[in-house]
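The values are calculated or read from the model by the stated rules, or taken from the named source; none is laboratory data. Please read these numbers as outputs of a predicted model, since none were measured by experiment. All Cβ positions, even for glycine, are placed from backbone atoms using ideal geometry, and neighbour counts span all protein chains on display. Surface accessibility is based on the protein's heavy atoms, side chains included, excluding ligands, DNA and RNA. Shrake-Rupley method; radii C 1.70, N 1.55, O 1.52, S 1.80 Å.
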Amino acid sequence: MKPILLQGHERSITQIKYNREGDLIFSVAKDTVANVWYSVNGERLGTYNGHTGALWCVDCDWDTKNVLTGSADNSCRLWDCETGKQLAMLNTSSAVRTCGFDFSGNIIMFSTDKQMGYQCFLNYFDLRDPQQIEDNQPYLTVPCAESKITSAVWGPLGEFVIAGHENGEINQFSAKSGEVLKKVKEHNKQINDIQTSVDLTMVITASKDCSSKLFDSTTLDHIKSFKTERPVNSAAISPIMDHVVMGGGQEAMEVTTTSTRIGKFEARFFHAAYEEEFGRVKGHFGPINCVAFHPDGKSYASGGEDGYTRIHHFDPQYFDFELEA
């Protein structure tokens, strides 16, 4: 399983995303540039230039027409995927932490950080209404007073957003009324990442409490747990196998204060049904900040604190693998 190394960032990777077909992979890092790559050979297709601060999040709509990025320069920007032209810029009063298109690609959501006296907000814009973009006026703004949103994804059918919070809570925020539809607290520390399964029926969380959990995305019922010794920064669900991949390691600032073994920064594979670990992939020098499966399930990508994105294509043995119960 020889990885393809994508070198296009000078600072640590914050998020990577495949488009729906999986032919492109988008990566954002703390160095103001959003890159887009061909996932098959790791060739860089281009960049989206304009942000002036670290980028925290990226998303692409289902027909790969537009790209959305959120940054610490207090803006969320919409780009033309093909030309790299900036289509819209939504200014905020604090850093944009999460962003996403709903399934139609018409409605976007993004959340802002609680900082400098501003509280955390979840904003919804309808891209079909140019007036909202022009006036920078979302059709719905939800304040999150208790604990800021650290990760968020759209639920099925674009009816609500599933958000993970700094205190370990998971909430469903309606995209119509903004009210909290469901609320669970299965983690006791910050949720670093939430990702959906390919059919949007399940979500997987990655938390600082060294575990990752699988939930039903509609009822938020807790289905499975996957435990490790290190904080989990990201987790993804395989679209074809009952597998999840997790990436983690300590925060960059805590690395020097703990054990010296670099081998702790592996991507770890767990069986989704048996909750058992069955494989690890080494590679990154430093913690893994983000993992994502290719939509066909035949490869996965990971982005690390070292600024590299690695694409791993699975060997044939992987697909025949059965976990002995």
Amide proton proximity set for residue 14, modelled H, under 5 Å, gap of 5+: 28, 29, 30
Förster-model FRET efficiency, 30 Å R0, residue 21 and residue 128, C-beta, rounded to 0.05: 0.80
Built amide H within the under 5 Å cut-off of residue 234, gap 5+: 247
In Hz, Karplus ³J(HN,Hα) per residue of the stretch 160-167 (6.51, -1.76, 1.60; θ = phi - 60°; x = Gly, Pro): 8, 10, 9, 10, x, 10, 5, 8
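From the Cα gyration tensor of the stretch 1-86, with a ≥ b ≥ c the square roots of its eigenvalues, which class applies: rounded if a/c is under 1.5, or else prolate if a/b is larger than b/c, or else oblate? Don't skip to the answer; put the middle values down first.
Details: a/c = 1.91, a/b = 1.23, b/c = 1.56.
Oblate shape, in that a/c is at least 1.5 and b/c is the bigger or equal ratio.
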Those trypsin sites (Lys or Arg not before Pro) in the stretch 85-160 that DSSP places in a loop and that have at most 13 other beta carbons within 10 Å: 85, 128
Whether the stretch 105-201 is rounded, prolate or oblate, judged on the alpha carbon gyration tensor where a/c under 1.5 counts as rounded: oblate
Relative contact order of the chain, defined on C-alpha pairs under 8 angstrom at six or more residues apart (%): 13
Accessible area of the chain belonging to carbon and sulfur atoms, whole % at 1.4 Å probe: 49
Amide H contacts under 5 Å for residue 39, placed H, 5+ residues apart: 24, 25
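Assuming 0.36 nm per residue, please report the length gained on full extension of the stretch residue 315 to residue 159 beyond their Cα-Cα distance.
Values: separation 156, 0.36 × 156 = 56.16 nm, distance 3.82 nm.
So the extension gain works out to 52.3 nm.
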Where chymotrypsin sites (Phe, Trp or Tyr not before Pro) fall in DSSP loop in the stretch 134-191, at most 15 other Cβ within 10 Å: 139
Estimated FRET transfer efficiency when R0 is 22 angstrom, pair residue 181-residue 145 (beta carbons, to 0.05): 0.80
Part-to-part distance (alpha-carbon centres) for the stretch 26-103 and the stretch 272-325, which is given in Å: 24
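Which translational diffusion coefficient, to the nearest whole µm²/s, is obtained for the chain from the Stokes-Einstein equation, given a Kirkwood hydrodynamic radius over C-alpha pairs, 20 °C and 1.002 mPa s? Intermediate values should be presented prior to the final figure.
Values: Rh = 19.5 Å.
Translational D for this selection: 110 µm²/s.
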The stretch 152-235 - accessible surface per residue (Å², probe 1.4 Å): 39
Computed [θ] at 222 nm, helices only, for the chain once each DSSP H run of length n ≥ 4 contributes -39500 (n - 2.57): -500 deg cm²/dmol
Rounded, prolate or oblate (a/c below 1.5 giving rounded, otherwise prolate when a/b exceeds b/c) for the stretch 30-157 by Cα gyration tensor: prolate
